[in-house]
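To keep things clear, I will list the structure first and then write my remarks on it.
The values are calculated or read from the model by the stated rules, or taken from the named source; none is laboratory data. This is a predicted model, so every value here is computed, not measured. Backbone-built Cβ (ideal geometry, glycine too); neighbour counts: all protein chains shown.
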Amino acid sequence: MLKYAAILSLFLLSANSAQLSATERETVAIIGTGDMGDSIGPKLAEKGYRVIYGSRDPADASVRQLVALTGNNAQATTQQEAAQQADIVVLVVPWPAMEQVAKNLGKLDGKILIDVSIPIRQAEDGYLESMVSTSSAQLIQGWNPGARVVKTLLAGSNVIDDPMALGGRVTSFVAADDRNAKEIVARIVSDLGLEPLDAGPLRHAQEIEAWARLWFVPVLQKRKQGFELAVLPSNYWHCIWQDEWYAPVSDSENLAVFPDPEVPSKPCPSK
Ligand SMILES: NC(=O)c1ccc[n+]([C@@H]2O[C@H](COP(=O)([O-])OP(=O)(O)OC[C@H]3O[C@@H](n4cnc5c(N)ncnc54)[C@H](OP(=O)(O)O)[C@@H]3O)[C@@H](O)[C@H]2O)c1
């Protein structure tokens, strides 16, 4: 439950349509019981979600141990069975295995499919480059056209294990083409102790994945200090913005509502 991280953002606000009481939380399938799966699962169960792990070997001792640790009637079964039983499916398998996994979960129409992948390989100079020409999220959407794919990077499993370790909430971008799915995932991100930020449509998964590659830079440079992303809310641009610069987004009437950031909104400064 450790290692790397990721985050960033846009707007912040509360998920009225996405709010459920703790006893009404959805059933979440976590596909993959590795570093991320074993951090996310217990945290979600603690918040009232029913967790079903999808594993290649659900009877393995380590998976059974994870189920026991998770509690709240958690279960483990095959990857496909877990996805079929859940409203929300979190894909936490290594990218090289993703195509085979994501194409074999059965019919996912209407289900929320959360992608946190970082499809990366090392370039000749040692820095990272993407293994895909678009993004992992867009590819997963193509393999499952009926699913409501949401890209969020969460953070490293170490941050999910201890979200306030650095003294503040780490930011996690959330991008999707489905407003309701985005709001529900924003609430899940918030339940994990992170700060969700609306990053617009699913194609912005490309930018989220690009940011994730930057996160590795200090680590690859062997620096002692890495970083986590915590966005500083600012109303500066709202105050000075002139509509002739760019038209507003075409779906501006249908923007996702996100959890309110815990900062007071400030009046625009007088010129
Ligand atoms: N670790 C992090 O902090 C972090 C942060 C942000 C994003 N991510 C992303 O999250 C994803 C998972 O990362 P991770 O660190 O949790 O990986 P991991 O520790 O390697 O675990 C992945 C799990 O996926 C399953 N799996 C492995 N190979 C598979 C295969 N060939 N076919 C099907 N299932 C397979 C395994 O679970 P079973 O044995 O139960 O099948 C395994 O434990 C990656 O895309 C990574 O980029 C990770």
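PRO96 versus (1) in a helix (DSSP H, G or I); (2) away from the ligand (no atom under 11 Å from the Cβ); (3) surrounded by fewer than 12 Cβ atoms within 10 Å (Cβ to Cβ): which is the lone unmet condition?
(2)
Report, by residue number, each residue of region 53-64 that is surrounded by fewer than 17 Cβ atoms within 10 Å (Cβ to Cβ) and either more than 10 Å from the ligand (Cβ to nearest atom) or not polar (S, T, N, Q) (or both).
Passing the criteria: ARG56, ASP57, ALA59, ASP60, ALA61, ARG64.
Got a sec? Which of VAL89, VAL101, VAL67 is within 14 Å of the ligand (Cβ to nearest atom), out of contact with any Gly (no Cβ under 7 Å at 6 or more places or on another chain), more than 30 Å from GLN221 (Cα to Cα) and assigned to a strand (DSSP E or B)? Give the steps one after another, and end with the answer.
Values: VAL101 fails: assigned to a strand (DSSP E or B); VAL67 fails: assigned to a strand (DSSP E or B).
It is VAL89.
Under the condition of being within 16 Å of the ligand (Cβ to nearest atom) and under 14 Å from the mean Cα position of the chain (by Cα), which residue from region 198-228 is nearest to ILE160 (Cα to Cα)?
Just the residues of region 198-228 that are within 16 Å of the ligand (Cβ to nearest atom), to begin with: 199, 205-220, 226-228.
Cutting the leftovers down to under 14 Å from the mean Cα position of the chain (by Cα) gives us 199, 205-209, 211-212.
Values: ALA199: 20, ALA205: 20, GLN206: 23, GLU207: 22, ILE208: 18, GLU209: 19, TRP211: 18, ALA212: 16 Å.
The residue in question is ALA212.
Name the single residue, out of those in region 32-52 being more than 12 Å from the ligand (Cβ to nearest atom) and assigned to a helix (DSSP H, G or I), that is surrounded by the fewest Cβ atoms within 10 Å (Cβ to Cβ).
GLU46
Residue by residue, here is whether (1) surrounded by 13 or more Cβ atoms within 10 Å (Cβ to Cβ); (2) touching a strand residue (DSSP E or B) at 6+ places or on another chain (Cβ under 6 Å); (3) under 23 Å from GLU209 (Cα atoms) holds:
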| site | (1), (2), (3) |
| --- | --- |
| THR70 | yes, yes, no |
| GLN80 | yes, no, no |
| VAL89 | yes, yes, yes |
| LEU105 | yes, no, no |
| LEU113 | yes, yes, yes |
| SER117 | yes, no, yes |
| ALA123 | no, yes, yes |
| GLN138 | yes, no, yes |
| ARG169 | yes, yes, yes |
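Could you list, in sequence order, all residues of region 205-229 that are buried (at least 20 other Cβ atoms within 10 Å of the Cβ) and either modelled with pLDDT of 95 or more or closer than 22 Å to ALA123 by Cα (or both)?
The answer is ALA205, ILE208, GLU209, ALA212, TRP215.
For a quick check of your reading of the model, give me the residue pairs whose first member lies in region 119-138 and is under 14 Å from TRP95 (Cα atoms), whose second is among the charged types (D, E, K, R) and exposed (fewer than 11 other Cβ atoms within 10 Å of the Cβ), with beta-carbon atoms closer than 6 Å and at least 6 apart or on different chains.
Hits for this filter: MET131/ARG121.
Return the residues of region 104-113 that are of a type in the set (Val, Ile, Thr) and either in contact with a His (Cβ under 9 Å, 6 or more places away or on another chain) or within 16 Å of the ligand (Cβ to nearest atom) (or both); say none if nothing qualifies. Walk me through how you get there before you give the answer.
Let us first name the residues in region 104-113 that are of a type in the set (Val, Ile, Thr), namely 112.
None - no residue of region 104-113 is of a type in the set (Val, Ile, Thr) and either in contact with a His (Cβ under 9 Å, 6 or more places away or on another chain) or within 16 Å of the ligand (Cβ to nearest atom) (or both), so the list stays empty.
Return yes when SER62 is among the hydroxyl-bearing types (Ser, Thr, Tyr), part of a helix (DSSP H, G or I) and on the phi < 0 side of the Ramachandran plot and no when it is not.
Details: among the hydroxyl-bearing types (Ser, Thr, Tyr): yes; part of a helix (DSSP H, G or I): yes; on the phi < 0 side of the Ramachandran plot: yes.
Yes: the conditions hold for SER62.
Only one residue in ALA5, ALA29 is surrounded by 15 or more Cβ atoms within 10 Å (Cβ to Cβ), in contact with a Gly (Cβ under 7 Å, 6 or more places away or on another chain), modelled with pLDDT under 95 and under 18 Å from ILE114 (Cβ atoms), so which one is that?
Values: ALA29 fails: modelled with pLDDT under 95.
The unique qualifying residue is ALA5.
When you scan region 170-178, do you find a residue that is farther than 25 Å from TYR127 by Cα and of a type in the set (D, E, K, R), even just one?
yes
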